[in-house]
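So the structure is just underneath, and the comments pick up after that.
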């Protein structure tokens, strides 16, 4: 029996790569296993021009488009599509909750992924989670309902997939430390002064990974790694003090787990999201993949050093938010989304991103054990404050 | 309930480190787990002076001493020991077969470990296997009877422990490749000409690992890595063509497994046998260990390159023996034991070791699917031939 997948955010980087992985799996599916997938829903925000060819190729049962204007546009671009076309966040939630789903790929960008992910979990669907912001903003809440529902959350981030792979067959209580590797991003060797003047174009040039704009900027500030620290805490139940970040410019070791006996396990591979995406879809099995094998001798050497917290204050902001708990992660995430957007639109400098976040955090009260409404309100309020900070240039020195 | 361990070869490097690990475990055993061990038998070959303090400290039920003269000496050195004192190979076999054993550590040196290991498996005891020569000489036979008896063989070699740790929770059919790392030994950067003149003293200086003399010379010739290739084939059921050797001078990554989906897992740690010994004893659980944690940032970099088959022909001899199957591994092992002994006694040069093995192989007929008597006869015959080659200097050029 083929399984049924809904992809939330199918036109994004992870969404399109998920569809490529489905191609690989269905090419093998002629064989003797049941790892082919029927596409149930494809969803996007505004990019209907990219959605139309996906619809023609993968013939989903239905589509859901968040932006109302884009939704209307889809209907005119693809009049022959006979399945349901849903609009707005409710449309996405209907797709996420569809009882016909056997797995939901949560690959939307940013906080917009929180509610559809929550809805999919409440409906009892296993989640392949690429939308790390949902765990940064609402990790306690989301992992709580997943536990109640008995719903597995399968990490799609390469680092968390690495950790999950190292933990197969191991007990969580055997973990002594998780080491997240960080490429260091495009500004690994850029001085503090130069960082003040870097352009969005420079920040968008990631040395190792092809990704969407938001996550690429987050990689340049190391906020992406900070978010991964928070994500690791919720996925693997470790304390913030048990999570280390190590800069590893080659991005070959995707992360490591140290156990109580001193043994360390790592997952490695060439930097491609196809491996973690496929692993999340076929877990706990592994199926063949056309990705290029890794050769240590061709690589020659792997290097490691400590991250520079002074040049990259976002990493510490994330650690602090994790220690603070409550709504701190939600505030950091919302302020970061606003600040990254402002940087991409050249309204603030690269080095002002952490300042926007810090000031937003200072302006708001942390609320412990937040409910979903509290999380939604906190996100909205943080956005207002952060937007005010970026438009009024209150963070510049 | 404490478990009961018999250590075959308790005065050797792995034997003494096994006793150190038991100390660690019993220090924790005051807590809430059952991983303390009662020592049932301690056995050695000749080193009774080292055995006596072990007997006083660990109070085994009995001892077995292979060398008859040493056995008599033990009785005079330790007249107050009231347990059974067994002599000769039969004594070792009686200890190995004792129904009171819950695990047997097979840590004798060389081919002498084969029969006691076979006896322990036939008695149904799980084996912690440090004696790789038993799998090199009799891998097909030993893994066959272990499968029949349902007896687990837990690898103690750091490389095979690494692979076993990477395979926990994975399916063997998901393996696409095993990569054994090699430190390269003390002669990593020694020229072919210089290799002709290296002394036993130079060969005994291993850069990373403290080990017994036999295995240290095997590490210097890379025969140890060749033996590990054969061992990996029998432990993990892979084909010779699926096993690669990569030189990694830091000995931090202990080995890697590549899976069919392109994902690679590795086990890492500081070079200490305490981790793999403890893991074999507590498998599938992990318990705390006082070993120093590994720090990637302190290491700075890990390097990798291809082994030099021209300077180290032993590696290819082992691969060829694995491809040939039958008694080839047994012949290579026996000839190697004789050649290493001759080199340590300065009867042959370092570079003559592979030549002794090659000539011995050429002089003997390979027999497929050997029985235990065939293996024992082959070993004896190969020793006669190799001894003749080393004493008559027939291998010098």
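The values are calculated or read from the model by the stated rules, or taken from the named source; none is laboratory data. Since this is a predicted model, take the numbers as computed values, not measurements. Virtual Cβ from ideal backbone geometry, glycine too; neighbours counted across all protein chains shown.
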Out of A:180, A:172, which single residue is within 12 Å of chain B (Cβ to nearest Cβ) and under 24 Å from residue A:304 (Cβ atoms)? A:180
Filtered residues of the range B:112-138 (kept if touching a helix residue (DSSP H, G or I) at 6+ places or on another chain (Cβ under 6 Å), surrounded by fewer than 24 Cβ atoms within 10 Å (Cβ to Cβ) and assigned to a helix (DSSP H, G or I)): B:119
Looking only at the range B:385-397, count how many residues are out of contact with any helix residue (DSSP H, G or I) (no Cβ under 9 Å at 6 or more places or on another chain) and touching a residue at least 40 places away in the same chain (Cβ under 8 Å). 0
Anything in the range A:158-184 that is assigned to a loop (DSSP other than H, G, I, E, B) and either free of Cβ contacts under 8 Å to residues at least 24 places away in the same chain or more than 20 Å from the chain's Cα centre (by Cα) (or both)? List them, or say none. A:168, A:169, A:170, A:171
Residue within the range B:358-373 that is touching a helix residue (DSSP H, G or I) at 6+ places or on another chain (Cβ under 8 Å), in contact (Cβ under 8 Å) with a residue 40 or more places away in the chain and under 13 Å from residue B:223 (Cα atoms) present: yes
Restricting attention to the range A:52-80, report how many residues are closer than 14 Å to residue A:42 by Cβ and within 28 Å of the chain's Cα centre (by Cα). 18
Determine, yes or no, whether residue B:253 is at the interface with chain A (Cβ under 10 Å from one of its Cβ atoms), touching a residue at least 60 places away in the same chain (Cβ under 8 Å) and under 30 Å from residue B:36 (Cβ atoms). no
Just for helices (runs of 4 or more DSSP H) wholly inside the range B:195-245: which have at least 3 residues that are surrounded by fewer than 19 Cβ atoms within 10 Å (Cβ to Cβ)? B:200-203
Give the residues of the range B:100-120 that are farther than 13 Å from residue B:44 by Cα and touching a strand residue (DSSP E or B) at 6+ places or on another chain (Cβ under 6 Å), sorted by residue number. B:100, B:101, B:102, B:103, B:104, B:117, B:120
Mind telling me which of the residues B:318, B:382 ends up being touching a residue at least 60 places away in the same chain (Cβ under 8 Å), touching a helix residue (DSSP H, G or I) at 6+ places or on another chain (Cβ under 8 Å) and buried (at least 23 other Cβ atoms within 10 Å of the Cβ)? B:318
I'd like the full set of residues that are touching a residue at least 12 places away in the same chain (Cβ under 8 Å) and surrounded by 15 or more Cβ atoms within 10 Å (Cβ to Cβ), limited to the range B:285-295. B:285, B:287, B:288, B:289, B:291, B:294
Are any residues in the range B:144-169 out of contact with any strand residue (DSSP E or B) (no Cβ under 7 Å at 6 or more places or on another chain) and either more than 13 Å from chain A (Cβ to nearest Cβ) or more than 28 Å from residue B:263 (Cβ to Cβ) (or both), and if so, which ones? B:144, B:145, B:147, B:148, B:149, B:150, B:152, B:157, B:160
Of the residues B:382, B:335, which single one is modelled with pLDDT of 95 or more and within 19 Å of the chain's Cα centre (by Cα)? B:335
Selected residue (criterion: nearest to the chain's Cα centre (by Cα)) from residues of the range A:82-95 that are under 20 Å from residue A:59 (Cβ atoms) and not in a loop (DSSP other than H, G, I, E, B): A:92
Could you tell me whether any residue of the range B:144-157 is surrounded by 24 or more Cβ atoms within 10 Å (Cβ to Cβ), in a helix (DSSP H, G or I) and in contact (Cβ under 8 Å) with a residue 60 or more places away in the chain? no
Elements of type helices (runs of 4 or more DSSP H) contained in the range A:258-368, each with 3 or more residues being within 14 Å of another protein chain (Cβ to nearest Cβ): A:274-282, A:296-299
